[in-house]
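**Q** Take a look at the following structure, please.
The values are calculated or read from the model by the stated rules, or taken from the named source; none is laboratory data. Please read all numbers here as calculations on a predicted model, not as lab measurements. When we count neighbours, we look across all protein chains shown, and the Cβ atoms used for this are built from the backbone with ideal geometry, even at glycine.
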């Protein structure tokens with residue numbers, strides 16, 4: 001709700017109206033329509049709803065950024081020495097420059113025992129340089145004890161999670177001495193700062 005503190009005798013000017021209008025959520029048919037309508041009238045803190053993508057954007061003083069935008073989980077890849085056929089499903093959302101995700105990986109193929117297990121989350125927005133994915137994983141192994149632990153991984157701009165089992169304590173560490181296979185289930189959740 002726009003706010004301005006007028007007192008008796010104040011004159012409501014065009015500048016006053018412009019200030020108030022910049023405080024609400026404006027509605028536009030597309031980002032192109034938004035950009036055309038607001039050329040030369042941008043102010044940090046503006047919000048706009050774009051109806052063709054059903055998304056809310058905020059202006060940070062330099063660029064428009066999506067706000068509370070859900071991300072469709074499609075694609076991605078599971079590897080363990082080789083590409084492992086799998087179905088990746090889940091949900092992700094960007095809120096204020098932070099992407100939070102939760103995905104489930106159902107393998108139907110088999111990986112290479114002893115190699116790191118990596119889930120490439122290429123459908124997510126790029127990670128900010130010097131940022132990391134931070135979160136947790138659960139690995140339901142059909143053939144041996146289940147594993148759970150923390151995820152701290154990132155070495156490139158495409159979001160991916162690499163986790164390994166230390167045979168001595170079941171936590172992250174060295175490459176696992178088992179292979180991902182059909183009937184296993186991986187659940188990953190985490191967050192990171194987007195680029």
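**Q** Scan the range 106-119 for residues that are surrounded by 21 or more Cβ atoms within 10 Å (Cβ to Cβ) and more than 15 Å from residue 133 (Cβ to Cβ) and jot them down. Steps first, please.
**A** First, the residues of the range 106-119 that are surrounded by 21 or more Cβ atoms within 10 Å (Cβ to Cβ): 107, 111, 117, 119.
Of everything in the range 106-119, those that are surrounded by 21 or more Cβ atoms within 10 Å (Cβ to Cβ) and more than 15 Å from residue 133 (Cβ to Cβ) turn out to be 107, 111.
**Q** Now for a separate question. Provide a single number: the residues in the range 1-30 that are within 30 Å of residue 55 (Cβ to Cβ), modelled with pLDDT under 80 and assigned to a loop (DSSP other than H, G, I, E, B).
**A** 7
**Q** Looking at 100, 104, which is the one that is within 30 Å of residue 59 (Cβ to Cβ) and touching a residue at least 60 places away in the same chain (Cβ under 8 Å)? I'd like the intermediate steps shown before the answer.
**A** Details: 104 fails: within 30 Å of residue 59 (Cβ to Cβ).
Checking each option against the conditions leaves just 100.
**Q** With respect to residue 98, determine if the residue is surrounded by 14 or more Cβ atoms within 10 Å (Cβ to Cβ), touching a strand residue (DSSP E or B) at 6+ places or on another chain (Cβ under 9 Å), in the same structural domain as residue 178 (by TED's automatic domain parsing) and closer than 24 Å to residue 190 by Cβ.
**A** On the way: surrounded by 14 or more Cβ atoms within 10 Å (Cβ to Cβ): no; touching a strand residue (DSSP E or B) at 6+ places or on another chain (Cβ under 9 Å): yes; in the same structural domain as residue 178 (by TED's automatic domain parsing): yes; closer than 24 Å to residue 190 by Cβ: yes.
When the stated conditions are applied, residue 98 does not pass them.
**Q** Would you say residue 79 is outside the structural domain of residue 45 (by TED's automatic domain parsing) and surrounded by fewer than 17 Cβ atoms within 10 Å (Cβ to Cβ)?
**A** Numbers: outside the structural domain of residue 45 (by TED's automatic domain parsing): yes; surrounded by fewer than 17 Cβ atoms within 10 Å (Cβ to Cβ): no.
No: the conditions fail for residue 79.
**Q** Select, from 62, 48, the only residue that is closer than 20 Å to residue 125 by Cβ and surrounded by fewer than 15 Cβ atoms within 10 Å (Cβ to Cβ). Can you show your working first?
**A** Numbers: 48 fails: surrounded by fewer than 15 Cβ atoms within 10 Å (Cβ to Cβ).
Within the list 62, 48, the selection yields 62.
**Q** Can you tell me which of 37, 33 is in a helix (DSSP H, G or I), exposed (fewer than 13 other Cβ atoms within 10 Å of the Cβ) and either at pLDDT 80 or above or not assigned by TED's automatic domain parsing to the domain that holds residue 61 (or both)? If you could, list the steps in order and put the result at the bottom.
**A** Values: 33 fails: exposed (fewer than 13 other Cβ atoms within 10 Å of the Cβ).
Exactly one residue qualifies, and that residue is 37.
**Q** Here is a further query. Quick one: which strands (runs of 3 or more DSSP E) lie wholly within the range 93-148 and hold at least 3 residues that are within 30 Å of residue 45 (Cβ to Cβ) and at pLDDT 75 or above? Show your work before the answer.
**A** Details: elements: 98-107, 117-120, 133-140.
Those strands (runs of 3 or more DSSP E) span 98-107.
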